[in-house]
Amino acid sequence: SGNPGTGKTTVARLFADILREEGLLERGHLVEATVGDLEGEFVGQTRIKTQALCDRARGGVLFIDEAYGLMGHGGHGEQVDYGKEAIEVLMQFMENSADSLVILAGYRHDMENLIKNGNQGFMRRFNGKESFIHFEDYSKESLCEIFKKQLQGYQTDPEFDDAIHRVITHMSLHRNA
């Protein structure tokens, strides 16, 4: 869990590579998805779309960003809860695919809610502190260092560096989730 830009997807990619290099995952590739990639537009399509993503991820890692969106808004009259259907397919994939890994990512509070309330099986599969990694926001100093590393090879002057520091400081002070 963590705010956007904290490195969740980057770490998932590196983790997939490590698992492949260590021989723990056959292919070790990363399939990135959002809730929109799993949910269908009509009844029955969600199961097909979600299963297709799971099949693509077999032997590697399925990374679902903003996974809390699977909680959906079902239970209101005739509305179908496509997220629930996608969760059921994911649960089956996790149960029957020891050769694959599923990583769910998003904001901390929303992810905790998904794990606790999205499906009873989530609590069995994501149990204990070792199942959760929270990425804190970068400090303004770290953001300045990251920016400087991205500029390697370019010459800057102290005035430019100071301006960048001021911009990052301003953005840090006024950021929200």
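Miscellaneous remarks
- Considering residues of segment 1-13 that are open to solvent by less than 60 Å² (accessible area, probe 1.4 Å), not in a helix (DSSP H, G or I) and not polar (S, T, N, Q) only, the residue farthest from residue 108 (Cα to Cα): 7
- Scanning segment 14-28 for residues that are part of a helix (DSSP H, G or I) and without any contact (Cβ under 8 Å) to a residue 24 or more places away in the chain yields 14, 17, 18, 21.
- Some residue of segment 60-81 being out of contact with any Lys or Arg (no Cβ under 6 Å at 6 or more places or on another chain), surrounded by 13 or more Cβ atoms within 10 Å (Cβ to Cβ) and among the polar types (S, T, N, Q): no
- Yes/no for residue 143 being over 21 Å from residue 31 (Cβ atoms), open to solvent by 100 Å² or more (accessible area, probe 1.4 Å), free of Cβ contacts under 8 Å to residues at least 40 places away in the same chain and of a type outside the set (Gly, Ala, Ser): no
- From 9, 34, 46, residue being over 30 Å from residue 176 (Cα atoms) and hydroxyl-bearing (Ser, Thr, Tyr): 46
- Matching residues, segment 90-138, being closer than 21 Å to residue 24 by Cα, out of contact with any strand residue (DSSP E or B) (no Cβ under 9 Å at 6 or more places or on another chain) and among the hydrophobic types (A, V, I, L, M, F, W, C): 91, 98, 132
- Among the residues making up segment 95-123, those that are open to solvent by 50 Å² or more (accessible area, probe 1.4 Å), assigned to a helix (DSSP H, G or I) and over 21 Å from residue 51 (Cα atoms) are 108, 109, 110, 112, 113, 116, 117, 123.
- Residue list for segment 147-177, filter: open to solvent by less than 100 Å² (accessible area, probe 1.4 Å), among the aliphatic types (A, V, I, L, M) and closer than 17 Å to residue 3 by Cα: 168, 177
The values are calculated or read from the model by the stated rules, or taken from the named source; none is laboratory data. These numbers were taken from a predicted model, which means no experiment stands behind them. Note that each Cβ is placed from the backbone with ideal geometry, even for glycine, and that neighbours are counted across all protein chains shown. Note: areas computed on protein heavy atoms with side chains; ligands, DNA, RNA excluded. Shrake-Rupley method; radii C 1.70, N 1.55, O 1.52, S 1.80 Å.
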